[in-house]
Amino acid sequence: MIRRPSETCERAASSQPGIHVFLAFGYCHTGMCFWEYLITLDVEFDLITRKRPFRAPMVPYLLARYFVCGSYIFGNVLYHSQTPINCNAFLILLQICSGYATCAAWGLLMIRILHSSREATVS
């Protein structure tokens with residue numbers, strides 16, 4: 001199915017007045033996510049220059065960062081494209097990035113819980 005998402009958004013905006021609030025929230029959240037990404041780029045730079053040792057917990061951390069970034073990019077391209085695109089392909093990529101970002105976030109949570117439970121049993 002190939003369609004122009006911007007036309008669909010315009011039709012939705014005319015029929016649903018609350019869509020502007022939803023889009024404004026999406027822009028705000030995207031901006032905050034990219035700001036957080038930019039101010040923590042030193043972690044990747046330290047890993048590349050080997051100033052910070054690479055450990056196993058860094059894998060889900062980096063995967064979560066890049067998959068969240070990818071889901072924001074695919075979502076914004078999908079909703080603001082001015083040319084006809086294959087929506088099914090973009091929706092699949094968006095679902096894959098979002099799903100893997102969620103899995104990586106759960107992995108980070110499990111690592112944090114295991115680490116804190118070890119500290120509680122040692123002390």
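The values are calculated or read from the model by the stated rules, or taken from the named source; none is laboratory data. This structure is a prediction, so every number in the text was calculated from the model and none was measured. Positions of Cβ are generated from backbone atoms using ideal geometry, with glycine treated the same way; all protein chains shown enter the neighbour counts. Protein only, heavy atoms only, side chains kept; ligands, DNA and RNA dropped before computing areas. Shrake-Rupley method; radii C 1.70, N 1.55, O 1.52, S 1.80 Å.
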Could we say that V77 is within 22 Å of A24 (Cα to Cα), buried (at least 17 other Cβ atoms within 10 Å of the Cβ) and out of contact with any Gly (no Cβ under 7 Å at 6 or more places or on another chain) here? no
Has the stretch 64-74 got at least one residue that is at pLDDT below 85, closer than 26 Å to F22 by Cβ, open to solvent by 50 Å² or more (accessible area, probe 1.4 Å) and touching a helix residue (DSSP H, G or I) at 6+ places or on another chain (Cβ under 8 Å)? yes
Pairs under 8 Å by beta carbon, first residue free of Cβ contacts under 8 Å to residues at least 60 places away in the same chain and closer than 18 Å to L41 by Cβ in the stretch 52-74, partner among the aromatic types (F, W, Y) and open to solvent by less than 50 Å² (accessible area, probe 1.4 Å), six or more apart or different chains? R65/Y37; C69/Y37
What are the residues in the stretch 80-123 that are surrounded by 11 or more Cβ atoms within 10 Å (Cβ to Cβ) and charged (D, E, K, R), if any? R112
